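The block underneath contains the structure these notes are about, expressed in structure tokens.
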Amino acid sequence: MSAKKGDKVKVHFTGKTVDGNVFASSTEQEPLEFELGGGALLPGVEQAVEGMEKGDKKDVTLPPEESFGERHDELVIMVERSQFPEDFQPEIGLEFEVPQPDGSSAYFKVLEVGEDKVKLDGNHPLAGQTLTFELELLEITA
């Protein structure tokens, strides 16, 4: 039986950048469980799992447009320090989230800290990168 849209599947995965750095893996923990075609994962990963059979292993390489998208310069912004809460101490490399009016969250990374302004990057940390995923399909339930 091969995996198809609507099936619940369990998958072990390891995600790597093109230089081999692992950014996420389930191999030392519980496998990832999701409904195929449900949109919970990157579209390229879901497409790769579709058609696999229990026990199959597959490596898939995803360009930025099939993973976290391209980097966008307009998402690098300067914000007045006065816009932050008084107890917020920005440091280079700090990552934080800001709740949005629609209930979602926007994620930012501090790039520079000046006296009056803070430079933030709103791009996903893996945006603009080609990624490789090692996949192993452990279970399929209809």
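The values are calculated or read from the model by the stated rules, or taken from the named source; none is laboratory data. None of the values given here were measured: they were computed from a predicted structure. In this analysis, Cβ positions are derived from the backbone assuming ideal geometry, glycine residues included, and neighbour counts consider all displayed protein chains.
For segment 90-103, a tally of residues being modelled with pLDDT of 90 or more and surrounded by 10 or more Cβ atoms within 10 Å (Cβ to Cβ) returns 5.
The test for being at pLDDT below 95 and either under 15 Å from Gly44 (Cα atoms) or surrounded by 10 or more Cβ atoms within 10 Å (Cβ to Cβ) (or both) does not hold for Glu86. The numbered conditions (1) among the hydrophobic types (A, V, I, L, M, F, W, C); (2) assigned by TED's automatic domain parsing to the domain that holds His12; (3) in contact with a Lys or Arg (Cβ under 9 Å, 6 or more places away or on another chain); (4) more than 16 Å from Thr14 (Cα to Cα) are all true for Ala48 except (4). Could you tell me whether Glu33 is free of Cβ contacts under 8 Å to residues at least 12 places away in the same chain and either among the β-branched types (Val, Ile, Thr) or at negative phi (or both)? Criteria not met by Glu33.
Yes/no matrix, rows are residues, columns are (1) in a helix (DSSP H, G or I); (2) closer than 22 Å to Gln129 by Cα; (3) in contact with an Asp or Glu (Cβ under 8 Å, 6 or more places away or on another chain):
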| residue | (1), (2), (3) |
| --- | --- |
| Gly51 | no, no, no |
| Thr61 | no, yes, no |
| Glu65 | yes, yes, no |
| Arg71 | no, yes, no |
| Asp87 | no, no, no |
| Val98 | no, no, no |
| Asp102 | no, no, no |
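If I ask for residues that are within 14 Å of the chain's Cα centre (by Cα) and crowded, with 16+ Cβ neighbours inside 10 Å, which ones from segment 104-127 would you list? Within segment 104-127, Phe108, Asn123, His124, Leu126, Ala127 meet the criteria.
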